[in-house]
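Structure first, commentary second.
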Amino acid sequence: MIIMIGCVLLLVAVLALGKFLQIRALIAAVPKPGPQTVSTVEVQKMQWQSQFTAVGTLNPVRGADLGTEVAGLVRTVHFKSGQDVKAGALLVELNADSDIALLHAAEAAAAQAATVLKRDQAQLAVQAVSQAQIDADTNDLKAKRAQVEQQAALVAKKSIRAPFAGRLGISGLNPGQYVNAGDKLVTLQTLDPIYVDFQLPQQQLAGLEVGQVVNLSVDTFPGQAFSGKINAISPKVDAATRNVQIQATVANARQQLLPGMFANVKIDIGGTQERLTLPSTAVTYNPYGSTVYVVKQAEPPKPGATAAPGTPAPAPATDAQGKPQLVAQQVFVETGPTRGDQISIVKGLEAGQVVVSSGQNKLKNGTPVTVDNSVQPANDANPKPQEK
């Protein structure tokens, strides 16, 4: 029985040893991945200007769609589409012949009432009429003059004038056309200066104040900057978005900016500071934090525990060309504000370290890498769109 048990145990040991050797041979046969090609960039300390950025809408300081208070037939159009006009300039005349005739009749009635009052005042001096008659004549004259003013106001409504200086829009109004009260005739916009309205989160309110300089750009004129100053900050924060509305006045002497355009707004906050910067492509964002891959020289293999005293240290690992082998090491970082293609690093790196700028999606801790910087990702603080 003892011999049989011993034989079974020996058989199990032999099978286990054979299986172990088989698995080790399979593992040894698996080809090791070669170095991954990546591009790298050095962590640099650069001057950094903190900014608030937003997208705003351009609005006129004064702008209105001009209409008419009364209906009528267009007699004369005194403007051309796109024309610049001054305040009070006559734009449209409606047919007012009947209203002018009624005005003349009211003026004649007022003149007659004034004559009657003057005659009765002369008769009052000789006690020919009573004071009550003079009072009645005076009230009648006031009523007639009020009718004159009312009719004159109605005649004036038939002449539409520019309420302020500005540029007229495109109009299809023609003489002989009938317009109803409230119909839009033409738009009038003041272009210089012009407002830019934008919103910022409530946590950025502490860095804003009236009179602060803002810089904006529009895609209509790439590369051209416009500047203005904040003239109003809303006293109310939007409860739905927690944003506050801000309005700035921008000089527009060349009248390049038009109401309705959108603009990219930037506001410089405080002075310049030194910050560590990297291209935005170098940072990988994960649910557990932001990471980068630092490239460094691979450490030499550690000597075995049975190495004899005085044995020389192992040589550093090298690649196929005999150069020191480089490996990627994942490092957690804390990022700060961004500008253009760059991102600031608040914590986790030091100036001079070499970081993978592209190709990190195929890396993990300890992966051998080969550096090829023939193509680098964009790293411009103020990128400009290029059209081909």
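Computed with a 1.4 Å probe on the full set of protein chains, the accessible area for residue 375 sits at about 110 Å². For the chain, the longest principal axis of the alpha carbon atoms and the long axis of helix 131-157 meet at an angle near 40°. Within the straight-line cut-off of under 18 Å between alpha carbons, the aspartates and glutamates reachable from residue 45 are 274, 334, 341, 350, 380, sequence neighbours fewer than 8 places apart in one chain being disregarded. Check each of the trypsin sites (Lys or Arg not before Pro) in region 216-257 and keep only those in coil by DSSP with at most 14 other C-beta atoms within 10 angstrom; list them in order. Filter output for region 216-257: 242, 254.
For the chain, leaving out every one of the GluC sites (Glu not before Pro) that falls in a DSSP loop and has at most 13 other Cβ atoms within 10 Å, the longest unbroken run is 210-349. Kindly express, to the nearest 10 degrees and within the range 0 to 90, the angle between helix 2-29's C-alpha long axis and the longest C-alpha principal axis of the chain. Orientation of helix 2-29: about 50 degrees from the principal axis.
Once you wrap a convex hull around the alpha carbon atoms of region 36-137, what is its projected area averaged over all directions, in nm²?
Working: hull surface 80.9 nm².
Convex hull of Cα atoms, orientation-averaged projection: 20.2 nm².
Annotation for residue 65 and residue 80: the two label points, set 7 Å from Cα along the Cα-Cβ direction, are 2.6 nm apart.
Close amide H pairs (under 5 Å, H built 1.01 Å from N) link residue 62 with 190, residues at least 5 positions away or on another chain.
For residue 254 and residue 213, compute 0.36 nm times the residue count separating them, minus their Cα-Cα distance, and round to one decimal in nm. Write out the running numbers ahead of the final one.
Working: separation 41, 0.36 × 41 = 14.76 nm, distance 1.98 nm.
Computed gain between residue 254 and residue 213 is 12.8 nm.
Computed about the Cα centre, the dipole magnitude for the chain is approximately 1180 debye when only Lys and Arg (+1) and Asp and Glu (-1) carry charge, each at its Cβ. Of the trypsin sites (Lys or Arg not before Pro) found in region 64-144, the ones in coil according to DSSP and having at most 12 other Cβ atoms within 10 Å of their Cβ are 80, 86. Computed 3J(HN,Hα) for region 50-62, one whole-Hz value per residue from the Karplus formula 6.51 cos²θ - 1.76 cosθ + 1.60 where θ = phi - 60°, is 5, 9, 9, 10, 7, 10, x, 10, 7, 10, x, 5, 9, glycine and proline marked x. Which is farthest toward the positive dipole end of the chain among 60, 190, 3, measuring Cα position about the Cα centre, with Cβ charges +1 (Lys, Arg) and -1 (Asp, Glu)? Comparing the listed Cα positions along the dipole, 3 ranks first.
Kindly state, as a whole number, the per residue volume in cubic angstrom of the convex hull around the alpha carbon atoms of the chain.
On the way: hull volume 135.8 nm³, N = 388.
So the per-residue hull volume is 350 Å³.
Backbone amide hydrogens, once placed in the peptide plane, bring residue 298 within less than 5 Å of 325, 326, 327, excluding anything fewer than 5 places away on its chain. The HN-Hα couplings worked out from phi for region 188-195 by the Karplus form 6.51 cos²θ - 1.76 cosθ + 1.60 (θ = phi - 60°) are 10, 10, 8, 9, 9, x, 9, 8 Hz, whole numbers, x standing for Gly and Pro. Dimensions of region 1-68 along the principal axes, based on C-alpha atoms and rounded to the nearest Å, stand at 119, 41, 22, largest first. Which is farthest toward the positive dipole end of the chain among 247, 326, 125, measuring Cα position about the Cα centre, with Cβ charges +1 (Lys, Arg) and -1 (Asp, Glu)? It is 326.
Calculated mean residue ellipticity at 222 nm for the chain: -8000 deg cm²/dmol, from DSSP H runs with n ≥ 4 weighted as -39500 (n - 2.57), summed, divided by the residue count and rounded to 500.
What FRET efficiency comes out for residue 46 versus residue 370 if R0 is 25 angstrom and r is the Cβ-Cβ distance? Round to the nearest 0.05.
Values: r = 28 Å, r/R0 = 1.11.
Efficiency for this residue pair is about 0.35.
Taking amide H as placed 1.01 Å from N in the peptide plane, residue 353 has its amide H under 5 Å from the amide H of 43, each at least 5 places away in sequence or on another chain. The charge dipole of region 1-126, taken about its Cα centre with unit charges on the Cβ of Lys, Arg, Asp and Glu (plus for the first two, minus for the last two), comes to roughly 1260 debye.
The values are calculated or read from the model by the stated rules, or taken from the named source; none is laboratory data. Just so it is clear, the structure is predicted and the values come from calculations on it, not from any experiment. Here Cβ is always computed from backbone atoms with ideal geometry, including for glycine, and neighbour counts include all displayed protein chains. These area figures cover heavy atoms from the full protein model, side chains too; ligands, DNA and RNA do not enter into them. Shrake-Rupley method; radii C 1.70, N 1.55, O 1.52, S 1.80 Å.
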